[in-house]
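The values are calculated or read from the model by the stated rules, or taken from the named source; none is laboratory data. It should be emphasised that the depicted structure is a prediction, and the values quoted were computed from it without experimental measurement. FYI the Cβ positions are ideal-geometry reconstructions off the backbone, even for glycines, and counts take in every protein chain you see.
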Amino acid sequence: MRVPVRPLLAGLAAAALAGCVSNQPYHLQPGEIAAYDCGGFLFSAEATLSRARVTLQDGRIYGLSSAGPGRGYVGDGVRLYVSQRFARLELPGVVYSRCRRV
């Protein structure tokens, strides 16, 4: 039996970007607010049906659109990936990975 390798690798890569292979990437549920700690850098994410609003500890706010199930949120040069326990936030010039949900 042959197993297609490319879809498997793509799924693992997306999960790894979300912070942990053991946690399946998912979208925040509408109305869900999650706070994350990236080793002292804090941010929160609030979801609507197809968008997320990210608020950084310094007060900056980014409105992101869904890139599709398991593909995170994107907008304004920012990308957010979430899993059930971790997040990865990519800002212009800096990446915060394995941010723990608090």
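Asp37 falls short of the stated requirement of being of a type in the set (D, E, K, R) and loosely packed, with under 14 Cβ neighbours inside 10 Å. Residues in the stretch 76-95 that are surrounded by fewer than 17 Cβ atoms within 10 Å (Cβ to Cβ) and part of a strand (DSSP E or B): Val94, Val95.
Within the stretch 41-75, restricting attention to residues that are part of a strand (DSSP E or B) and small (Gly, Ala, Ser), which residue is farthest from Pro30 (Cα to Cα)?
Gly75
Gly11 meets all of the listed conditions (1) at pLDDT below 75; (2) closer than 23 Å to Val94 by Cβ but one, namely (2). Here the stretch 53-73 is the region considered, the condition is being under 10 Å from the mean Cα position of the chain (by Cα) and under 14 Å from Tyr36 (Cβ atoms), and the residue that is surrounded by the fewest Cβ atoms within 10 Å (Cβ to Cβ) is Gly72.
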